[in-house]
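The values are calculated or read from the model by the stated rules, or taken from the named source; none is laboratory data. The structure presented is a predicted model; accordingly, all values stated were derived computationally and were not measured. Positions of Cβ are backbone-derived with ideal geometry, glycine not excepted, and every protein chain shown enters the neighbour counts.
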Amino acid sequence: MTQEIPANAEQQPAISLRGVTKRYGKLQALSDVSFDIRQGEFFGLLGPNGAGKSTLISALAGLIRVNSGHISILGADVEKDYRRARMNLGVVPQEIVMDPFFTVRETLEFQSGYFGLRNNGKWIDELLEQLGLNDKADSNMRKLSGGMKRRVLIAQALVHKPKVLVLDEPTAGVDVELRQSMWRFVRRLHKEGHTIVLTTHYLEEAEELCDRIAIIDKGKLLALETKQDLLARGLGSKLLVRASHSIETIPPQYLDRVTRLAGNEVELTIHRDSDSIMQILDGLRAASISIEYVSVLNDSLEDVFIRMTGEQSGVRA
Amino acid sequence: MNWIATYTLLSKEVTRWRKVWLQTVLAPVVTALLYLLVFGHVLEGRVEVFPGVSYTEFLIPGLLMMAVIQNAFANTSSSMIQSKVMGSIVFILLPPFSALEMFLAFIGAAILRGLAVGVGVFLLAYFYVGVSIENIFVILAFAVLGSYVMAALGLIAGMWAEKFDQIASFQSFLIVPLTFLSGVFYSITSLPPFWYQMSKANPFFYMIDGFRYGFFGQSDQPVLLSLAVMLSASVVLTLGCVLMLKSGYKLRDA
């Protein structure tokens, strides 16, 4: 099967979602979700458990049918033009699944054939090599450890050389060594021009790897920004003040900002756009706090994530 | 039509039953042989169903067909339910298969298993009793059509079922009774009128009756009628399977 890409393929988004809605009975799993993922991006899809991330991935992989809206992969509609869409998409599922009848190599050869590819042995060998599966090539899938099975899932997703790779919680339950080697390999794929879409619970991974990040909760898109914009959303930073003596009293106007008070250290939330750090420090000095050291701590992605998803559920973070 | 993909899925399904051949081929052959030994020994000389045909000889086509169709059903149904329960169904849902490609691959592998079991039972029966063949083409046509119909039924059962015990119920309460009441062990002409008519409404009867015609040149119903019933069932079940696969029934929206 040939992969015909239209002439304007470069301008097309890798993934495009328009008004995607999915209901399971009364549960609104996705609510009018629209956004694009550009070609060559390392894109993070974040959200708490049950936010709709896996539903979204299943919808773009054609594993579920949406109630309304359109999804396309490199311009190919996932339902009407499913052959072209699926040829361009590789998905690493969240759950570790396998066919216990076959060896690792058989698994990859079959998966390759499903995409209409014959004589794909060279690429399969390379995948086995890159993912550290050479020694296990002739082992039965049942005999592999969880981490090894996860590597095979990645190899299966890549066996047809898709342009877009979706990794759904790929490092859940994976040891540190495997996690690092997995990211080295995924970074290489990204450098080679693949579009990578990642969902993860490890927010530091998303912060380290992703160019742009979407946050969804309760099936709604809460934010879609570059990592830098998301971190600098103007919501916050923390001001750490260390005094030369134990801090006994905080001026009343700053009490609701205190996130930590221990000995001679106090940590206060500040609003980067509207607060004046100098004014706050003057206020503290006026309360007889002799300031020895000051540090401004920027919000991590985790802080932003918790605040945004907390606001959505009515919980103040 | 992506033939490479279809052939790969067919070959994966064949490899699946070939790797456990003791369970998928040899065990049903041994079961059929036991039926043949026990029923043949007990009833030989006491019952004559067709003139000039011993009871053991009469029994062979029925037992052979029963083994063929039960294994064709078992192959598609067990493969589908196993992949669904274990989650490995995603490996065939993610690639760009059309409904027809998936259908042909699953059915083809099940027919091959049915025929492999059939050849095993035939060889044992041939050396044990000796088997006469009236028309090999009729035998092959009914063996292929019978396993095709039952493989399609197994695929539907596998898609519909959500647990292994639902497949077992399908087998215990539908497939096995209909097979046993289809004239495997007797001619339906020996039944009282009510049960005779009931047997004629059992589609499994036509599989066995037409198949038996290929061995003896005689059957309870005209062979063309049996052929027509089998072809009609094939068309209906093919349409049913392809539509279910196309809609992703209990596969793409679970």
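Table for the structure above
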| item | result |
| --- | --- |
| Cross-chain or 6+ apart pairs with Cβ under 7 Å, the range A:112-132 first and away from every other protein chain (no Cβ under 14 Å) and at positive phi, then in a helix (DSSP H, G or I) and polar (S, T, N, Q) | A:G132/A:S181 |
| Condition met for A:I71 (more than 10 Å from chain B (Cβ to nearest Cβ) and among the aliphatic types (A, V, I, L, M)) | yes |
| Members of the range A:63-101 that are assigned to a loop (DSSP other than H, G, I, E, B), more than 30 Å from A:L144 (Cβ to Cβ) and either touching a residue at least 12 places away in the same chain (Cβ under 8 Å) or not assigned by TED's automatic domain parsing to the domain that holds A:L30 (or both) | A:R65, A:V66, A:N67, A:L74, A:G75, A:V78, A:E79 |
| Residues of the range A:92-106 classified as within 27 Å of A:L60 (Cβ to Cβ) and among the acidic types (D, E), total | 2 |
| Given (1) outside any strand (DSSP E or B); (2) modelled with pLDDT of 85 or more; (3) farther than 30 Å from A:L281 by Cα, index of the condition A:E204 fails | (2) |
| Sole residue being crowded, with 18+ Cβ neighbours inside 10 Å and within 13 Å of the chain's Cα centre (by Cα), chosen from B:L94, B:L104, B:L63 | B:L63 |
| From B:A72, B:A99, residue being of a type in the set (A, V, I, L, M, F, W, C), surrounded by fewer than 24 Cβ atoms within 10 Å (Cβ to Cβ), in contact (Cβ under 8 Å) with a residue 24 or more places away in the chain and more than 10 Å from chain A (Cβ to nearest Cβ) | B:A99 |
| Some residue of the range A:161-174 being farther than 25 Å from B:L94 by Cβ, out of contact with any Cys (no Cβ under 9 Å at 6 or more places or on another chain) and of a type outside the set (A, V, I, L, M) | no |
| From the options A:S58, A:S54, residue that is in contact (Cβ under 8 Å) with a residue 24 or more places away in the chain, of a type in the set (G, A, S), more than 8 Å from chain B (Cβ to nearest Cβ) and assigned to a helix (DSSP H, G or I) | A:S54 |
| In the range A:125-149, residue nearest to the chain's Cα centre (by Cα) [restricted to those that are modelled with pLDDT of 90 or more and buried (at least 20 other Cβ atoms within 10 Å of the Cβ)] | A:L127 |
| A:P251 vs. criteria surrounded by fewer than 19 Cβ atoms within 10 Å (Cβ to Cβ) and in contact (Cβ under 8 Å) with a residue 24 or more places away in the chain | yes |
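Here's the yes/no breakdown for (1) among the aromatic types (F, W, Y); (2) within 14 Å of chain A (Cβ to nearest Cβ):
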| site | (1), (2) |
| --- | --- |
| B:S169 | no, no |
| B:F173 | yes, no |
| B:V235 | no, no |
| B:L251 | no, yes |
